[in-house]
Every structure is written in structure tokens, then in C-alpha cells.
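Participant: One structure coming up, written as C-alpha cells, with questions to follow.
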Amino acid sequence: MSVSHSTWPVVLMPYNLPPWLCMKKPFLFLSLLIPGPSAPGNNIDVYMQPLVDELKELWDTGVNTCDASTKSYFTLLASLLWTVSDFPAYANLSGWSTKGKLACPSCHKETISTRLSNSHKEIFMAHRHWLESLHPFRMDKDSFDGTEEREGLPRSLTGEQVLTELKDFEIKFGKLVKDNPSLPYNWKKRNGKTKDYLKGRRDLEEMGIRHELHLEPLSNGKVYLPPACFEKDKKEKEKFCNVLKEVKVPDGYAANISRCIQVKPTPKMLGLKSHDNHILMQQLLPVAIRNILPKHVRSVIMKLCRYYRQLCSKVLNPNDLFNMEKDIEKILYDLERIFPPSFFDVMIHLSVHLASEARLGGPVHYRWMYPIERYLGTLKSYVRNKSKPEGSIAEGYLAEECLSFCSLYLASDVETIHNKTSRNHDDGGDDTVLPIFCMPGQPIGATNVVKLGYDTLGIAHSHVLEHLNILSHQNPKKRKRDLQHLHSQEFEEWLSDYVDEDMTSRDNRITSDIETLANGPSEVVKKYKGYIINGFQFHIKDVEKNMTTQNSRVILQALTSSFSSARDNDPIVGDVTYYGVLKDIIELQYSDEMKVVLFHCDWISSGSRIKVDENGFTTLDFRGLKQTKEPYILASQAQQVFYVADPVRKDWKVVIKTTPRDNFDMDEQICIDDVETHLQSDTPMGPQLVENETIDMVRGDLDGTIVDDDTLVAATDKNQIDHDQGRICECSTYVLEQGS
């Protein structure tokens with residue numbers, strides 16, 4: 001609840017629900033509330049014993065339950081699949097200590113760790129275990145931890161092995177029990193700091209690796225610290241923070257990350273929440289480091305970001321997970337070649353097991369902490385009496401449960417917690433009319449009615465083909481390119497005459513929808529400042545100037561035909577991606593119930609205004625962009641992206657693609673064939689490097705640091721050097737002199 005008070009709720013989540021209901025607030029059960037003011041520690045077993053007994057009953061015998069749909073009774077059985085917690089709480093729940101030299105619960109007793117005598121911490125750098133037995137990196141001592149790697153892959157610990165290891169031990173629950181037997185390995189029961197820069201250099205010397213980064217003694221009694229390849233100077237830090245400071249994301253996509261960024265006087269990030277770090281790591285970090293780190297450093301960081309991006313997909317392909325297991329192995333040993341040993345604590349090491357866990361447990365959305373953290377915020381909001389927080393939470397939870405139960409008996413047209421629409425819900429459209437009029441969506445904000453002379457929107461496919469055939473017979477010598485141009489000019493008038501002729505002959509070839517379309521829209525149209533469609537919330541560019549969100553960026557995936565030269569007669573058909581900025585939202589009224597919504601945008605699709613760099617990022621230049629001849633698209637065709645300032649080219653923008661937050665594509669065949677279409681954002685791979693390429697450990701474009709040797713010793717002993725502030729610590733008791 002606060003720094004001085006810790007309340008532990010225990011929540012049950014049923015998983016036999018569709019994705020759009022699972023892990024949502026109405027279906028979370030508060031089964032236990034462990035009171036504060038301190039954390040329960042190992043006493044959590046005592047508190048959870050009644051809950052464990054009930055879960056055992058549900059697994060062994062079940063309970064007699066009524067089926068409301070069939071009005072019959074059945075025996076309900078349930079199983080506990082897994083527990084969801086942060087890593088420190090994992091130790092209390094599982095009984096395996098997450099500290100010390102065997103901190104990894106997946107590698108268990110086969111965990112390989114090293115104790116750094118200068119940094120005073122356990123590190124986990126044995127990721128070469130996952131390489132093939134004859135891989136050259138296994139024998140490369142200098143690039144890694146100073147040893148040759150001859151061990152094989154750690155074997156996974158099975159449930160039967162756990163029972164075998166602990167079967168002869170009788171454990172009493174509770175942390176006050178003093179006579180429990182000593183358990184093997186890291187078993188406790190049967191049931192991050194800054195990486196010190198100077199200490200890290202001493203660790204390198206002691207391990208006998210990366211000699212180019214060792215402290216270099218000078219003739220005046222001082223020592224020189226060469227700048228490492230991952231170092232940044234103050235200007236580069238300012239560039240990094242400036243990119244994040246200007247970030248605006250779509251509505252509902254993430255929090256306002258820019259509020260956590262400080263550029264002056266000292267560039268730094270502060271106050272980031274867990275989901276902020278999630279978005280930063282997976283999407284924004286690759287953009288921000290594009291030009292401030294050497295190629296080999298940013299390449300491996302971008303690959304790590306992409307790994308987490310793929311891991312957090314809404315749909316996971318088992319075949320892709322096998323490839324991801326191989327990818328993370330290479331990423332981690334590439335990181336070992338670059339960053340200091342003190343970087344590799346157990347949290348970095350755990351990345352190697354995540355893809356394997358996803359193969360066993362499925363998509364990570366059902367096992368991560370974000371829904372729980374949001375629910376904890378709801379529980380905290382129940383507290384009215386801060387002297388009795390647990391009582392307030394229990395009372396608020398019971399009151400809401402009662403109201404939720406009563407709401408089931410209200411009429412279906414009354415909005416309750418059970419039928420509440422999603423954040424960006426549209427009406428779904430009308431399937432009984434012509435597809436052009438079957439457009440979902442709902443406007444946002446005030447409506448502006450104006451009189452405009454827009455052309456008729458002619459979208460009737462069979463009549464389009466018929467008109468093209470007529471033009472082809474009338475103009476047999478014209479090229480297809482000229483015929484298409486002629487068609488776009490004459491189709492509206494031809495369709496109107498075609499409908500009039502049909503009505504005169506009374507042949508009933510024209511439906512009422514086609515007649516309405518041919519008559520054209522009203523000259524009086526409606527203009528909106530915002531519109532919700534396709535699961536996105538769009539705003540026009542002028543509205544978002546004073547907003548912290550960015551909802552005016554549009555992408556259109558189109559199948560178009562083009563001609564490589566004026567002489568070509570056969571068009572080249574292919575996919576073209578158009579990137580735009582929404583300027584206006586217009587509703588054309590064809591009849592009382594038939595309407596068409598258009599987006600008026602500035603577009604870029606090709607030419608010098610769009611570039612794809614070596615990192616795989618698409619960048620755009622909208623400066624001085626002239627309006628195209630066809631600036632309008634159907635609102636139903638629009639998808640949303642957001643643009644981030646390009647740190648390489650001034651005034652250019654980097655494109656980041658998104659998908660709707662509530663989009664769950666249940667088409668099994670699509671899920672199997674093309675998992676990439678389900679990614680919320682496709683993160684580029686970064687620049688590609690040669691497998692055994694020699695990397696520079698020292699940045700030649702940065703100045704090193706000269707440090708007095710006595711100061712170095714004192715700082716090492718008292719832990720006064722702060723690497724995050726650059727290699728110079730402004731401390732009144734130490735004097736560090738910038739060297740050349």
C-alpha cells in the first residue's frame with residue numbers, strides 16, 4: 001500500500017474464457033488478503049493453506065455446480081496451472097531461493113555463476129552452453145569470461161525430480177520455525193543496482209579479459225580509463241532523451257512516456273512504470289539508439305528488443321519459438337562480448353528461458369503481471385480509512401461483487417460491467433446494404449456541417465468492370481494506362497446514365513442501393529474532428545497539437561497497378577504502402593441511412609521522401625508536401641501508426657506500426673501461416689553483422705578519463721562511483737580529472 005505498509009492480495013484467474021474476457025477485472029477473484037504492515041515472507045504458506053486445501057478439493061473430488069444454460073448440474077473440477085508473481089515473490093511461493101549462485105530456477109543445480117570480488121555480486125555469463133559443441137566461441141576466452149566452455153546444455157528440472165529431491169524432508173510452514181532441516185541446493189522449503197564502472201574494470205583485470213579496457217597507469221601516478229564501446233557522452237545522452245521527450249503514442253497505447261524524460265540539466269529517465277519500460281524496451285529504444293552507439297552494440301540491442309517484441313505477440317507459432325530459442329542464445333553471448341561481467345545478473349540470464357516457457361505455457365499475456373498490477377490499483381482505490389487498509393479493500397471488493405451480481409438481472413440495453421463496450425468500439429456496420437454503405441464507426445466530438453461539391457463515390461465493382469470493357473471496345477488502340485485514366489474521368493457520368501436508362505426500360509437491373517449511389521451524395525456534408533473505426537481512435541492533425549497523444553497518423557495497405565514506363569501496356573500489380581497524416585474527416589450523406597465516411601490525408605508512398613535505413617526502419621519526410629490528386633480514402637481502409645522523431649535526419653519521422661488493442665484474430669489458419677500479422681508492432685532486426693567479426697571494445701571518438709590512483713582505490717572500497725552519470729562522479733570527497 002505504501003513504503004511502510006505492505007498488503008498482499010491473492011487473486012484467482014479462470015483461464016477457460018475467450019481472450020477478450022480472460023484476465024479482465026470482472027473475472028478476477030480476490031480469494032485471500034494477507035494483511036500488513038510487513039511482507040509475509042515464508043509465512044505465506046500459512047496464510048495460503050486454506051486456499052490450497054480448496055484447490056485440492058477442486059482437483060480431487062470437485063463440487064456440484066449448476067449449468068445455467070442447460071439448467072442441469074455437473075461436477076466442476078479445476079487445476080492450478082501456474083502462479084503469477086514478480087521474481088522475488090517467486091522464491092516465497094516455489095521454495096527455490098532466487099538469490100545466490102543457484103538463483104536461476106530453470107537451470108537449478110546446474111546453474112553456472114561466478115562471484116566478482118570487486119563488484120561483490122554473482123554473475124551469470126555461461127550462455128555459451130547453448131552453442132553447438134564445435135562452435136569457435138566455446139574456445140574464445142578473451143571475448144567472454146576468460147574461460148573455455150566445455151559444458152553442455154543444462155537439463156530442465158521435472159516435477160518428479162523435485163519430489164525425489166525433497167521426499168525425505170518434513171518441513172513446517174512459517175518463517176518463525178527454527179528446527180526445519182537444511183535442504184539441498186537452493187531449496188528453502190518443500191512446497192537491480194547500478195553496474196559499478198571502476199569495479200567492473202578491476203573485474204576485467206582479475207579475469208584477464210578485454211585488455212584494451214584495463215586501467216592504464218600514467219607517469220604522474222594517475223590511471224587512464226579508456227572509453228568502452230557502449231559509452232555515451234553528454235551530447236549523445238541528450239539526443240537519446242530528446243527522441244523520447246518528443247514521443248507521442250496513440251490513445252490507449254501507453255502512458256505519456258515523455259513526462260519521465262529529463263533533458264536538462266542532466267539527461268536521465270525517472271519515474272518509469274513497468275509498462276513504460278515494456279514499451280520503451282520493445283519499440284522506442286531501437287529508434288532512440290540509431291545513431292549514438294557503434295554498429296555492433298546497437299545491433300545486438302535491437303535484436304534483443306525484437307526478441308521481446310516477438311515473445312509478447314498475441315499469437316505464438318510453436319515453430320517460431322524454436323527459432324527464438326536459438327536467437328536468444330546468440331543475443332546473450334553477443335552481449336557477453338560487449339558489456340562488463342557485472343551486467344549479467346540473474347535477470348539477464350532468465351531471458352534465455354522465456355521462449356522455452358512460452359512453448360509450455362502459451363502466450364505471455366496470460367502469465368504476465370500487467371493485469372494484476374492494474375487490479376492492484378483498483379484494490380488500492382477502495383481504501384478510505386488508511387488505518388485499516390485491509391478492511392477497506394475487503395469491504396470495497398464485496399460491495400462491487402454484489403453490484404456486479406445484481407447487474408446480471410438488468411435489461412440487456414443497460415450498460416453494466418458485463419456488457420460494457422471496449423475503449424474504441426465501433427457499431428459494426430450494417431450488412432444488409434451495399435458494402436460501400438456498410439461502414440462501421442462512430443464520430444467523436446462536435447459535428448461541423450458545411451456545403452461542399454464533392455464528386456460521387458463510385459464503388460460498384462461489377463459496373464466498374466463493365467465500364468472498362470465498354471471503353472476498351474470503343475478505344476481499341478489506347479493503352480491500358482490511358483483507359484484507366486479515361487475511366488476515372490467518365491465513370492460517374494456513365495453510371496448515372498446507366499441507372500437512368502435502366503429505370504426507363506424498367507428492367508429492374510439496378511438495386512435501390514446502386515440507384516442511391518448513382519444519384520450522388522448531398523452537397524451538405526458533415527465534418528468531424530475525430531472518428532472511431534477498425535478498433536482505432538483517429539483525430540485530425542489540428543486537434544492533437546495540444547494533446548499528449550498522437551492519433552492522426554494513418555497507413556493504407558493497397559493493391560495497385562502501375563506501369564514501369566509510358567510504353568508499357570500491361571500493368572504491374574503489387575502491394576503499395578501509403579503513409580499519411582489525417583487532415584479532415586468528412587461524411588457524405590447519400591440518403592437518411594446511407595452514408596460514407598472519408599479521410600482526407602497527406603500521403604507519401606514512394607520517392608525521395610521515404611527511405612529504409614540499414615537498421616530496417618522506414619523514415620518519412622513530410623516537409624513541404626504537396627496535396628495529391630487523390631487525397632481521400634474510405635475510413636474503413638485506414639489503419640493507425642505513430643511517428644517518432646528520427647535522431648539521424650532532422651525533421652524526418654520513423655514509422656512504428658500498431659494493431660488495435662482489442663483485436664483478437666481467431667482464424668486458426670491465419671494464426672498458423674503468418675504469425676507476424678499478429679504482432680502489435682514489427683520491430684526491425686537492426687544492422688546485420690558477421691558471425692565471427694572482430695569488434696572494437698574501445699570507442700575511438702570519445703575521450704577517456706584520468707583518475708587519481710588513490711581516489712580509484714578509495715572509490716572502489718566505498719562504492720562511490722556512479723556509472724549512470726557518465727564516467728565522472730561529481731562527489732565532494734573525490735576529484736576526477738577529465739583526460740584527453
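Participant: Just name one of L280, V300, C312: the one whose Cα is farthest towards the positive end of the charge dipole of the stretch 239-319 (beta-carbon charges, Lys/Arg +1, Asp/Glu -1).
Facilitator: Going by the charge dipole, the pick is V300.
Participant: Just want the answer: with Cβ charges of +1 for Lys and Arg and -1 for Asp and Glu, which residue in V63, G100, P88 is farthest toward the dipole's positive end in the stretch 57-119?
Facilitator: So the residue we want is G100.
Participant: What ranking, highest mean first, results for peptides 92-100, 254-262 when packing means the other Cβ atoms within 10 Å averaged over each residue? Spell out each step's value before the answer.
Facilitator: Details: 92-100: 17.7, 254-262: 16.1.
Sorting 92-100, 254-262 by mean packing, highest first, produces 92-100, 254-262.
Participant: At a 10 angstrom cut-off on C-beta neighbours, averaged per residue, how do the peptides 290-298, 130-138 rank from highest to lowest?
Facilitator: By packing density, highest mean first, the sequence is 290-298, 130-138.
Participant: Let me ask something else. Could you calculate the FRET efficiency of N291 with V11 from 1/(1 + (r/R0)^6), where r is the beta carbon distance between them and R0 is 45 Å, rounded to 0.05? If you can, show how the numbers build up before the last one.
Facilitator: Numbers: r = 45 Å, r/R0 = 0.99.
That gives a FRET efficiency of 0.50.
Participant: At a Förster radius of 60 Å, what calculated FRET efficiency corresponds to the Cβ-Cβ distance of T70 and K545, to the nearest 0.05?
Facilitator: Working: r = 57 Å, r/R0 = 0.95.
According to the calculation, E is roughly 0.60.
Participant: Using the basic label-point model (7 angstrom from Cα toward the beta carbon), what is the A89 to F405 distance in nanometres?
Facilitator: 2.6
Participant: Seen from all sides and averaged, what is the projected area of the convex hull of the Cα atoms in the stretch 57-124, in nm²? Mind showing how you got there, number by number?
Facilitator: Details: hull surface 29.1 nm².
Average projection, Cα convex hull of the stretch 57-124: 7.3 nm².
Participant: Specify the inter-centroid distance of the stretch 207-284 and the stretch 367-408, based on alpha-carbon positions, in whole Å.
Facilitator: 38
Participant: Something else about it: More than 20 angstrom separation, counting every C-alpha pair in the stretch 321-402; what % is that?
Facilitator: More than 20 Å apart: 58 percent of the Cα pairs in the stretch 321-402.
Participant: Hey, another quick one. If I take R0 = 60 Å and measure r between the Cβ atoms of K629 and N419 in this structure, what FRET efficiency does the formula 1/(1 + (r/R0)^6) give, to the nearest 0.05?
Facilitator: 0.85
Participant: Can you tell me how much longer the chain between L376 and D696 gets when fully stretched, taken as 0.36 nm per residue apart minus their C-alpha distance, in nm with one decimal?
Facilitator: Details: separation 320, 0.36 × 320 = 115.20 nm, distance 4.65 nm.
That works out to 110.5 nm of additional length.
Participant: Using 0.36 nm per residue of separation minus the Cα-Cα distance, give me the extension gain between L272 and R661 in nm, one decimal.
Facilitator: Contour length minus Cα-Cα distance gives 137.9 nm.
Participant: For labels at A78 and L360 in the simple 7 Å Cα→Cβ model, what's the distance in nm?
Facilitator: My value for the distance between the label points is 2.3 nm.
Participant: Mind checking which lysines have their Cα closer than 21 Å to the Cα of K526? Skip sequence neighbours fewer than 8 apart in that chain.
Facilitator: By straight Cα distance, K526 reaches K451, K541, K583, K595.
Participant: Please compute the modelled spin-label separation between D575 and S133, points set 7 Å along Cα→Cβ, answer in nm with one decimal.
Facilitator: 4.3
Participant: Follow-up. Only Lys, Arg, Asp and Glu count, each charged at its Cβ (+1, +1, -1, -1), so figure out the dipole size of the stretch 67-132 about its Cα centre, rounded to 20 debye. Numbers along the way, then the final one.
Facilitator: On the way: 7 positive and 5 negative charges, 53 e Å.
Once rounded to the nearest 20, the dipole reads 260 debye.
FYI, it's all coordinate maths here, none of it is from the lab. Small disclaimer: the values here were computed from a predicted structure and weren't measured. Glycine gets a Cβ as well: all are built from the backbone with ideal geometry, and neighbour counts include every protein chain shown.
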